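The next block holds one structure in the form of structure tokens; read it before the comments.
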């Protein structure tokens, strides 16, 4: 179990991350209080992806992802969780490629611009450790305690694999093409964004996040695009994302 705390001034409290299959065999010390939330991410068929290294060697990569809160007007409030590679520019042998195509909707929603003009955290200015971690190897849960007066909000989840190319988003696409996603070591299919409007004052105890669109293929903006017809394996990185209110 990895317990982390993140900024209470941004309206979020403590979180705990764990694999689903661990719950029956290990007791966790986290105690729910009224109104506590549990975000459940269920792995899909393509949760892991063959990532090329060299000489034909491939490794099974887990996806990059971010979970965050927005108010009802679409304003960014706080990040709940972000994978460590994108939060710290921790890409393996990236050769200076900042991989802006990885999670561009989240990056632009945060609205933090770095010295190179991009919106991704850097090695010198990473996201705080309190809200980052390695991608879990399988389905997982994040338990979080809302703080402050934010009773209605939108929870968003963005997910992406590097080099997840298909016929619509090929590695050979050129800069400036609508399907360009960073070149040979780029993103391939663009990141997907899921969302749910959560009302802590309602009687509803579980919300399913709905797939609302894909992000900018080349990461040049934070726009969302509802047409998913050209996506294939990206659609099954996750099977389900839900929020349960305890």
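Just so you know, all these numbers are worked out from the coordinates, no wet-lab data involved. All values reported here derive from a predicted model rather than from experimental measurement. Cβ placement follows ideal geometry from the backbone for every residue including glycine, while neighbour counts extend to all protein chains displayed.
For residue 97 and residue 84 in one chain, what is 0.36 nm times their gap in residues minus the Cα-Cα distance, to one decimal in nm? Let's see the in-between values first.
Details: separation 13, 0.36 × 13 = 4.68 nm, distance 1.61 nm.
So the extension gain works out to 3.1 nm.
Applying a 10 Å radius around every beta-carbon, put 99-111, 158-170 in order of their mean neighbour count, most first.
Details: 99-111: 23.9, 158-170: 20.9.
Result, highest mean first: 99-111, 158-170.
Cut-off is 10 Å between beta-carbons; in what order do 139, 221 appear when sorted fewest neighbours first?
On the way: 139 18, 221 13.
Least crowded to most crowded, the residues run 221, 139.
What percent do you get for the relative contact order of the stretch 93-238 when only Cα pairs under 8 Å and 6+ apart count?
Numbers: 249 pairs, mean separation 40.2, N = 146.
Once divided by the residue count of the stretch 93-238, the mean separation gives 28 percent.
Compute the length gained on full extension between residue 203 and residue 134: take 0.36 nm times their separation in residues and subtract their Cα-Cα distance, giving the result in nm to one decimal.
Working: separation 69, 0.36 × 69 = 24.84 nm, distance 3.41 nm.
That works out to 21.4 nm of additional length.
Neighbour counting of Cβ atoms within 10 Å sorts the residues 150, 155, fewest neighbours leading, into 150, 155.
If we sort 226-238, 178-190 on the protection proxy, mean other Cβ atoms within 10 Å, highest first, what's the order? Can you show the working numbers first?
Details: 226-238: 15.5, 178-190: 20.5.
Per-residue Cβ counts within 10 Å, averaged per peptide and sorted highest first, yield 178-190, 226-238.
If R0 is 30 Å, the Cβ-Cβ spacing of residue 73 and residue 233 corresponds to a FRET efficiency of close to 0.30.
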